[in-house]
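Written below as structure tokens is the structure these notes are about.
Read the figures in this text as sums done on the coordinates, not as results from a lab. Note that the structure is predicted; figures quoted are calculated from it, not measured. Counting neighbours? That spans all protein chains shown, and the Cβs are built from the backbone with ideal geometry, glycine included.
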Amino acid sequence: MSDEEKSGTDLRVRLVDVGVELVAREGAGALTLREIARRAGVSHGAPRRYFPTHLELLSAIARRGFTELAGRVTAALGDGTAPARTQLDELAHAYLRFALDNPGMYELMFRHDLLESGRLGLRETSLPLFGVLVELVGRVRPAADARAVAGALWANLHGIAQLWRWGSLQLATGTDDFAPLLRTALDAHLGPEAGR
């Protein structure tokens, strides 16, 4: 790799790093090309050399979020030997914790109206997570349409994450622990857990 190619790769990574920091501090709305360039210490036109559109830069930033979420899910699932229902519980907890710990990134990751999901490997990073959910649901409810159940469960988890972050669920339920809500959502989609 030539020095010029290495410099371009370094700047590309730096632009994404700055975007990740910016979304963490100020949310998805702060992710303008001009602001990312300013914080990276380059001209406002420099990002366009590596990310021809704003959507491509946002997608690269979101990919980092999906990579981190995938890492958390992998860690939560451990060696994969626990019962599927237990793994789904761990996956759901990891998902909600990520959403609550990273609200700006979480918002960006699921704003497909802002992202080019077919570009920059974003689909290849995000779809395997849904695949894990579908596979586990299929093991718990083999007679069901696992994709449909997984989609409904995911929508429920997303709703819990959003409403919890806004404080709506705490107000409505009078609790400061999302675990009972999560357990109820899992029971609703998967049936009650054996032994409970």
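Some observations on this one:
- Remark: 106, 50 ranked as 50, 106, counting other beta-carbon atoms within 10 Å and listing the fewest first.
- Extension gain from residue 111 to residue 46, taking 0.36 nm per residue of separation minus the Cα-Cα distance: 20.9 nm
- Model label points for residue 176 and residue 123, set 7 angstrom from Cα along the Cα-to-Cβ axis, are 4.5 nm apart.
- Helix 146-165 vs. the chain, principal-axis angle (Cα, 0 to 90°, nearest 10): 70
- Computed extension gain for residue 79 through residue 100, at 0.36 nm per residue and net of the alpha carbon distance, reaches 5.0 nm.
- Residue list for the range 126-155, given a label point 7 angstrom along the Cα-to-Cβ vector of residue 184 and an amide N cut-off under 11 Å: none
- Degrees separating the helix 179-190 axis from the principal Cα axis of the chain, which is the longest one: 70
- Rough spin-label spacing in nm, given labels placed 7 Å along Cα→Cβ, for residue 53 and residue 17: 2.8
- What the Kirkwood sum gives for the chain is a hydrodynamic radius of 18.3 Å, with every pair of different alpha carbons counted.
- The chain: calculated mean residue ellipticity at 222 nm from DSSP helix runs of at least 4, using -39500 (n - 2.57): -23500 deg cm²/dmol
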